[in-house]
Amino acid sequence: MAIISSYPTLIPQLGDKVLGSNILDAAGNPVVGNPTVQFDFTDIKALVDQQYIEQFESSSTVLSQASALNTMYSVQFGAPTGTTSTNVELLQGGGSATAGDTVEFHTLGTYQILLTYLIGVSASAANIPYLVFRTLQDDATQIGPTIAYEEKFENMLKPVPLIIPLTINITAVSTKLKFQMARTGTINNGGLVKTAAPINITGLTEPSIATLKISKLI
């Protein structure tokens, strides 16, 4: 067999094919032996042309949310949204009819998740709480890192934003996620809080203490 550099060079057409190694299957599982396969340029183009499309955004504008000391709490966002026919759905879970706290995926694929929290203290500015955040899959397994925050806040009800981006690959239909927080250590204060300053501008949206935005690679 001749070396590759000796073959003629052509401009590829969408119907042409190239050789490659099959590393992962359609569900994202490793393929044993990494067999050599043919890839169609049309399929390669479709893969490269993918972009993240927003599925939904949901926010909570309540005054505060917090856990009991050393106890995980599932953050509640806005009203449940989506259906079993959409790619992803926000469910009531342990929340309420107006505050869903569980995300269920109905379509396999890669998703981007953006969490935006307003964190602060509501009892005493002298307290320095140790706040931790995690993503829990199917009420059993943490995925991704634990995010920790331990800083003195300027005053009561003067929160700071915490932004947590995640990229996950969903390989099983009906996978569920909860986005949790806790205050740990000995300081029983701190969580998600809204600023005490009133909003006096007509038409300006109230600040959200918790916002969840999910996009899918399509």
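The values are calculated or read from the model by the stated rules, or taken from the named source; none is laboratory data. Here the structure is a predicted model, which means the values were calculated and not measured. Cβ coordinates were reconstructed from backbone atoms using ideal geometry, including for glycine residues, and neighbour counts include every protein chain displayed.
At a glance:
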| item | result |
| --- | --- |
| Filter result for Ile163 (in the same structural domain as Leu90 (by TED's automatic domain parsing), on the phi < 0 side of the Ramachandran plot and loosely packed, with under 12 Cβ neighbours inside 10 Å) | yes |
| Condition check for Ser122: in contact (Cβ under 8 Å) with a residue 12 or more places away in the chain, among the polar types (S, T, N, Q), assigned by TED's automatic domain parsing to the domain that holds Ala148 and in contact with a Leu (Cβ under 8 Å, 6 or more places away or on another chain) | yes |
| Meets criteria (in the same structural domain as Ala66 (by TED's automatic domain parsing) and either more than 23 Å from Gly94 (Cβ to Cβ) or small (Gly, Ala, Ser) (or both)) for Leu157 | yes |
| Residue, nearest to Gly100 (Cα to Cα), within region 17-59, restricted to residues that are assigned to a helix (DSSP H, G or I) and of a type in the set (Val, Ile, Thr) | Val48 |
| Which numbered condition Thr9 misses (of (1) surrounded by 10 or more Cβ atoms within 10 Å (Cβ to Cβ); (2) outside any helix (DSSP H, G or I); (3) polar (S, T, N, Q)) | (1) |
| Inter-residue pairs, beta-carbon under 7 Å, first in the same structural domain as Ser208 (by TED's automatic domain parsing) and in region 75-98, second among the β-branched types (Val, Ile, Thr) and surrounded by fewer than 14 Cβ atoms within 10 Å (Cβ to Cβ), 6+ apart | Ala79/Thr98; Glu89/Thr83 |
| Test: residue in region 95-109 that is more than 20 Å from Asp139 (Cα to Cα), hydrophobic (A, V, I, L, M, F, W, C) and surrounded by 17 or more Cβ atoms within 10 Å (Cβ to Cβ) | no |
| Hits in region 74-83 (condition: out of contact with any Lys or Arg (no Cβ under 9 Å at 6 or more places or on another chain) and either buried (at least 18 other Cβ atoms within 10 Å of the Cβ) or over 27 Å from Gly28 (Cβ atoms) (or both)) | Gln76, Phe77, Gly78, Ala79, Pro80, Gly82 |
